[in-house]
Amino acid sequence: MTPRVGYVPGVFDMFHIGHLNILRQAKARCDYLVAGVVTDEVVEEVKNHSPVVPYDERVQIVSSIRYVDEVVPDTSSDKTIAWRARQFDLIFKGDDWRGTAKGERLERAMAELGVEVVYFPYTLRTSSTLLRTYLATVTGGGS
């Protein structure tokens, strides 16, 4: 039987329990888990700010998590590009994507490749956005 390869794209900035949860849950659903760490350039382009933790350090952190079998650069918000670089059977996203325009685009694109989109509960209490906002308020700075 061919092992099922899963793919988790993410910035993984200021690594927190939400990141750990999605990696743990993803590994439970596949045989081999690939984490796509979004490059600094893509973060700046898509989110209009730089990550707090540089790409190379984020790769080292994610690589050290026992649930992750392989780490690759995620160089585009178009996940078909990630699939062409490293084929996978499942892609995992937070359920904040479910029912949104971007989630529906992802589902259509992945369906054309035979890839299943699996959603996991988004961690509401902790996110990199919340951490970034908190840091800005306690330091008196902006992003």
What are the residues in the range 52-68 that are free of Cβ contacts under 8 Å to residues at least 40 places away in the same chain and either charged (D, E, K, R) or open to solvent by 40 Å² or more (accessible area, probe 1.4 Å) (or both), if any? P54, Y55, D56, E57, Q60, S63, S64, R66
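Determine, yes or no, whether T126 is of a type outside the set (G, A, S) and at pLDDT 95 or above. Outline the logic, then answer.
Values: of a type outside the set (G, A, S): yes; at pLDDT 95 or above: no.
Judged against the criteria, T126 is not a match.
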Selected residue (criterion: nearest to Y32 (Cα to Cα)) from residues of the range 70-97 that are of a type outside the set (A, V, I, L, M, F, W, C), open to solvent by 30 Å² or more (accessible area, probe 1.4 Å) and without any contact (Cβ under 8 Å) to a residue 40 or more places away in the chain: E70
So T100 ticks every box in (1) open to solvent by 50 Å² or more (accessible area, probe 1.4 Å); (2) free of Cβ contacts under 8 Å to residues at least 12 places away in the same chain but one. Which box is left unticked? (1)
Of all residues in the range 9-51 being in contact with a Lys or Arg (Cβ under 7 Å, 6 or more places away or on another chain) and more than 20 Å from D78 (Cβ to Cβ), which is most open to solvent (accessible area, probe 1.4 Å)? D31
Enumerate the pairs (first residue in the range 1-16 and within 14 Å of K27 (Cβ to Cβ); second residue anywhere and of a type in the set (S, T, Y)) with beta-carbon separation below 8 Å, excluding pairs fewer than 6 apart on the same chain, so at least 6 apart or on different chains. P3/Y32; R4/Y32; V5/Y32; G6/Y32
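Given the structure, is R58 over 22 Å from P121 (Cα atoms) and among the charged types (D, E, K, R)? Walk me through it before giving the result.
Values: over 22 Å from P121 (Cα atoms): yes; among the charged types (D, E, K, R): yes.
Yes, satisfied.
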Within the range 1-28, tally of residues that are among the aromatic types (F, W, Y) and either part of a loop (DSSP other than H, G, I, E, B) or modelled with pLDDT under 90 (or both): 2
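The values are calculated or read from the model by the stated rules, or taken from the named source; none is laboratory data. Keep in mind the model is a prediction, meaning the values are calculated, not measured. Here the Cβ is made from the backbone with ideal geometry for all residues, glycine too, and neighbour counts use every protein chain on show. Quick note on the areas: whole protein, heavy atoms, side chains included, nothing else; ligands and nucleic acids left out. Shrake-Rupley method; radii C 1.70, N 1.55, O 1.52, S 1.80 Å.
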